[in-house]
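Colleague: Let me give you the structure first, and then I'll get to my questions.
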Amino acid sequence: MVPSERRTIVYDTSPEQYNHWALAVDGPVATLTLDVAEDKGLMPGYKLKLNSYDLGVDIELHDAMNRIRFEHPEVKCVVVTSGKSRMFCSGANIYMLGSSSHAWKVNFCKFTNETRNGLEDSSRHSGLKTLAALNGTTAGGGYELALACDEIAMVDDRSSTVSLPEVPLLGVLPGTGGLTRLVDKRHVRRDLADIFCTTAEGVRADRA
């Protein structure tokens, strides 16, 4: 496989070129639907299963949010949801991470966190609010994306869960601000956050 840091990456995209997101605008409400194309990862060697993401997915999200801000100033709320049945997002693709250099992983986490910081900055300074509409299982970086939104609404189907399974499954802390947002933004007690992030199976909507 071509080393990640040597492969040319194209950051210039548009809604017509998106592989993983669909952008729809209806008056003051925009909807961003995550429907990841498994076979269109940015690098060769892995499939983006379970609505997992790589840098290419986040490049599109970054582009979409900027287009909403500058091309659709009438939009006051962005709904972030999934086009997959019973699956919102399973987080960063672990096979992509496993085949990447340390420097790539660090910068990938930085870029994705900057995108999520941008959601919060738009809310604070531009009045552009975001709602994460979780219509299925939400794990790892998928939950971190939801936590970056102003509000979270989750389907109560008795099977969908939210989780930060990085510690029990991978032995690493969440990489894009999940614990910080859980405690400082959602005001979850630190001891409960500690238990939550060591519970691989997560919690269902009624408990969350």
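The values are calculated or read from the model by the stated rules, or taken from the named source; none is laboratory data. Keep in mind it's a predicted model, so treat the numbers as computed, not measured. Heads up, the Cβs are rebuilt from the backbone with ideal geometry, glycines too, and the neighbour counts pull from every protein chain shown.
Colleague: Determine whether the stretch 12-20 contains at least one residue that is at pLDDT below 95 and farther than 22 Å from Val75 by Cα.
Modeller: Yes, the stretch 12-20 contains at least one residue that is at pLDDT below 95 and farther than 22 Å from Val75 by Cα.
Colleague: Out of the residues in the stretch 185-208 meeting the condition of being among the aliphatic types (A, V, I, L, M) and part of a loop (DSSP other than H, G, I, E, B), tell me which one is surrounded by the fewest Cβ atoms within 10 Å (Cβ to Cβ).
Modeller: Pass one, the stretch 185-208, residues among the aliphatic types (A, V, I, L, M): 188, 192-193, 195, 200, 203, 205, 208.
If we keep only those that are part of a loop (DSSP other than H, G, I, E, B) as well, we get 188, 200, 205, 208.
Values: Val188: 17, Ala200: 14, Ala205: 17, Ala208: 19.
Filtering first and then ranking leaves Ala200.
Colleague: Report, by residue number, each residue of the stretch 68-90 that is within 21 Å of Val25 (Cβ to Cβ) and assigned to a loop (DSSP other than H, G, I, E, B).
Modeller: His72, Pro73, Glu74, Val75, Lys76, Gly83
Colleague: Considering only residues that are β-branched (Val, Ile, Thr) and under 14 Å from the mean Cα position of the chain (by Cα), which ones fall in the stretch 95-149?
Modeller: Thr112, Thr115, Thr130, Thr137, Thr138
Colleague: Out of Gly142, Gly118, I need the residue that is of a type in the set (Gly, Ala, Ser), within 23 Å of Arg69 (Cα to Cα), in contact with a Cys (Cβ under 6 Å, 6 or more places away or on another chain) and touching a residue at least 24 places away in the same chain (Cβ under 8 Å). Which one?
Modeller: Step by step, each of Gly142, Gly118 is checked, and only Gly142 is of a type in the set (Gly, Ala, Ser), within 23 Å of Arg69 (Cα to Cα), in contact with a Cys (Cβ under 6 Å, 6 or more places away or on another chain) and touching a residue at least 24 places away in the same chain (Cβ under 8 Å).
Colleague: Still on this structure, please answer the following. Can we say Thr33 is closer than 28 Å to Ser123 by Cβ, modelled with pLDDT of 95 or more, assigned to a strand (DSSP E or B) and not small (Gly, Ala, Ser)?
Modeller: Considered against the rule, which asks whether it is closer than 28 Å to Ser123 by Cβ, modelled with pLDDT of 95 or more, assigned to a strand (DSSP E or B) and not small (Gly, Ala, Ser), Thr33 comes out as yes.
Colleague: Any residue at all in the stretch 126-136 that is touching a residue at least 40 places away in the same chain (Cβ under 8 Å), more than 24 Å from Ala22 (Cβ to Cβ) and among the basic types (Lys, Arg)?
Modeller: No, there is no match, as no residue in the stretch 126-136 is touching a residue at least 40 places away in the same chain (Cβ under 8 Å), more than 24 Å from Ala22 (Cβ to Cβ) and among the basic types (Lys, Arg).
Colleague: Based on this model, can you work out whether Ser90 counts as at pLDDT 95 or above, crowded, with 18+ Cβ neighbours inside 10 Å, among the small types (Gly, Ala, Ser) and in contact with a Ser or Thr (Cβ under 6 Å, 6 or more places away or on another chain)? Write out each step before concluding.
Modeller: On the way: at pLDDT 95 or above: yes; crowded, with 18+ Cβ neighbours inside 10 Å: yes; among the small types (Gly, Ala, Ser): yes; in contact with a Ser or Thr (Cβ under 6 Å, 6 or more places away or on another chain): yes.
Spelling it out, Ser90 is indeed at pLDDT 95 or above, crowded, with 18+ Cβ neighbours inside 10 Å, among the small types (Gly, Ala, Ser) and in contact with a Ser or Thr (Cβ under 6 Å, 6 or more places away or on another chain).
Colleague: Would a scan of the stretch 40-48 turn up a residue that is crowded, with 20+ Cβ neighbours inside 10 Å and of a type in the set (D, E, K, R)?
Modeller: no
Colleague: Only residues that are surrounded by fewer than 19 Cβ atoms within 10 Å (Cβ to Cβ) and either without any contact (Cβ under 8 Å) to a residue 24 or more places away in the chain or polar (S, T, N, Q) (or both): list them for the stretch 153-172, please. Give the steps one after another, and end with the answer.
Modeller: From the stretch 153-172, those surrounded by fewer than 19 Cβ atoms within 10 Å (Cβ to Cβ) are 153, 155-159, 167-172; that's our starting set.
Listed by number, the residues that qualify are Ala153, Ser159, Gly171, Val172.
Colleague: In the stretch 67-79, how many are touching a residue at least 24 places away in the same chain (Cβ under 8 Å) and out of contact with any strand residue (DSSP E or B) (no Cβ under 9 Å at 6 or more places or on another chain)? Spell out how you get there, then give the answer.
Modeller: Of the stretch 67-79, the ones touching a residue at least 24 places away in the same chain (Cβ under 8 Å) are 67-69, 72, 74-79.
With the extra rule that they be out of contact with any strand residue (DSSP E or B) (no Cβ under 9 Å at 6 or more places or on another chain), the set shrinks to 69.
Residues flagged as touching a residue at least 24 places away in the same chain (Cβ under 8 Å) and out of contact with any strand residue (DSSP E or B) (no Cβ under 9 Å at 6 or more places or on another chain) within the stretch 67-79 amount to 1.
Colleague: In a loop (DSSP other than H, G, I, E, B), closer than 17 Å to Gly141 by Cα and either modelled with pLDDT of 95 or more or not polar (S, T, N, Q) (or both) - does that describe any residue in the stretch 50-60?
Modeller: yes
Colleague: Here's another thing I want to ask about it. Test of understanding: among Leu145, Leu182, which residue is more than 19 Å from Leu50 (Cβ to Cβ), part of a helix (DSSP H, G or I) and modelled with pLDDT of 80 or more?
Modeller: None of the other options fit; the residue is Leu182.
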